[in-house]
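Input: a single structure, listed below in structure tokens.
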Amino acid sequence: MMRKALVIGLIAILVVALGCERNIPSDIGEMPEAPVAPTNLSIAVGDGELVLSWTAENAGSISKYFIYRSDLGPDTLDLYDSTTSQSYADTRVMNGLRYYYEISSLSTANIEGYRSPFISAIPGVYSVVIDNEAEYTNSRAVTVNPTAPDGASHIMLANGEDFSLSKWQNYSNSVSWELIDGDGQKTVYVLFKDNEGNETSDFYSDDIILDTKAEIESFYIASGESDFAPGETIHFVLDAGEIEGGAEVNIGDVGSVPLFDNGSNGDPTANDGSYEFDYIIPLTLEVTDAWVTGSFTDRAGNAAPSVSLTYLLS
């Protein structure tokens, strides 16, 4: 009885199995293919930053990209982050330490493709100053002083952010450069490239004020008088229209008297470009038909044409 029951059971199983096989649908398509590895992977360096970019085939079928990273070597990369764009800025890096990256694509069918070949770079500190951090210059010819980590190979300088007509040149921490014409604030922009071909993720810049001329707008004695006697006070006024310069008055053979841009001798907060001083004529001074000459040198070192007046000191 037991053997008969077993045979009957096997027959039933075969019937069910055969019946199921006949009902398998025939319209199931092929499994979706995995995305191909991203290509053209590049990396830009910066101060505490590494910026990756890449391209991907059939980007419309990609839902996101996985970022694999390691600071130990290309064989130790782990999943680090993800992004929906074809670029990624990693700001959680330490200057001077090498980082390795690989990128993979995840399709809209939730299938991850192959990883890209690895790429690596070292972030570092970059900067630039003009004429050793001078605030002013009276010449268009300046010296640009870039600073970059070890391994910097090239720099590109420009007077505009678009770097039009600019070319790469060998890296140096002292480069001669010419500012664009016209007085006023000027900016020099610099890009860096390391010996692995990685460029900086952004430009670095410094400003300087170009000041190529100085002038005396007016020079006079405030009282309007022309004769002064020993013991009297002469209030000199020289208006240069520029603050932080140096002005003085030369009185015949007597000597020079400094003027101050403060309105009342000694107040450093009253700068307005008008240099003044109250000069008390010494009691023993005897001068007749003295030439009173005002001179001015601006903060950039430009000397203005002097202005002379004839006054009688008796």
task = Kindly write out, for the stretch 111-117 in residue order, the coupling ³J(HN,Hα) from the Karplus curve 6.51 cos²θ - 1.76 cosθ + 1.60 (θ = phi - 60°), rounded to whole Hz, with x marking Gly and Pro.
result = 10, 8, x, 6, 7, 6, x
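Arranged from highest to lowest average of other beta-carbon atoms within 10 Å per residue, in what order do the peptides 229-237, 202-210, 74-82 appear?
Working: 229-237: 14.7, 202-210: 17.0, 74-82: 12.6.
The most tightly packed comes first, giving 202-210, 229-237, 74-82.
Could you sort LYS213, LYS186 by their accessible area in this structure, using a 1.4 Å probe and putting the largest first? Walk me through the numbers before you get to the answer.
On the way: LYS213 135, LYS186 25 Å².
Ranked list, largest accessible area first: LYS213, LYS186.
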query = Rounded to two decimals, what ratio of Rg to Rh does the stretch 114-253 give with C-alpha atoms and a Kirkwood Rh?
reply = 1.30
Calculated from backbone phi, Karplus (6.51, -1.76, 1.60) coupling profile of the stretch 271-280 in Hz, x at Gly/Pro = 4, 9, x, 10, 9, 9, 6, 9, 9, 8
task = Work through the residues other than GLY151 whose Cβ is under 9 Å from its Cβ and net out their charges, Lys, Arg +1 and Asp, Glu -1.
result = -3
ask   = Under 5 Å between amide H atoms, partner at least 5 residues away or on a different chain: which partners does SER153 have, H built in plane at 1.01 Å?
value = LYS193, ASP194, ASN195
ask   = What translational diffusion coefficient, in µm²/s and rounded to a whole number, does the Stokes-Einstein relation yield for the stretch 142-183 at 25 °C and a viscosity of 0.890 mPa s, taking the hydrodynamic radius as the Kirkwood radius over Cα pairs?
value = 213 µm²/s
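Ranked from highest to lowest mean number of other Cβ atoms within 10 Å per residue, what is the order of the peptides 272-281, 241-250, 89-98? Write out the running numbers ahead of the final one.
Details: 272-281: 17.5, 241-250: 19.3, 89-98: 13.3.
Descending mean neighbour count gives 241-250, 272-281, 89-98.
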key: Hz values of 3J(HN,Hα) by residue in the stretch 200-211 - Karplus curve (6.51, -1.76, 1.60), Gly and Pro given as x   = 6, 6, 8, 7, 10, 8, 8, 10, 8, 9, 8, 9
task = Determine the sum of side-chain charges near VAL190: Lys and Arg each +1, Asp and Glu each -1, restricted to other residues whose C-beta is under 12 angstrom from that of VAL190.
result = -3
query = What number, in nm² with one decimal, is the all-direction average of the projected area of the convex hull of the alpha-carbon atoms of the stretch 193-239?
reply = 7.6 nm²
query = How large is the convex hull of the Cα atoms of the stretch 86-171 per residue, expressed in Å³ as a whole number?
reply = 177 Å³
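Can you give the local net charge around GLU133? Use residues other than it whose beta-carbon is closer than 13 angstrom to its beta-carbon, Lys and Arg +1, Asp and Glu -1. List each step's numbers first, then the result.
Numbers: positive: none; negative: ASP131, GLU135, ASP206, ASP207.
My count for the surroundings of GLU133 gives -4.
Ranked from highest to lowest mean number of other Cβ atoms within 10 Å per residue, what is the order of the peptides 63-69, 187-193?
Numbers: 63-69: 18.9, 187-193: 21.6.
Highest mean packing first, the order is 187-193, 63-69.
The values are calculated or read from the model by the stated rules, or taken from the named source; none is laboratory data. Quick caveat: nothing in here was measured; it's all calculated off a predicted structure. Every residue, glycine as well, gets a Cβ built from its backbone with ideal geometry; the counts of neighbours run over all protein chains shown. These accessible areas exclude ligands, DNA and RNA; they are computed on the full protein's heavy atoms, side chains included. Shrake-Rupley method; radii C 1.70, N 1.55, O 1.52, S 1.80 Å.
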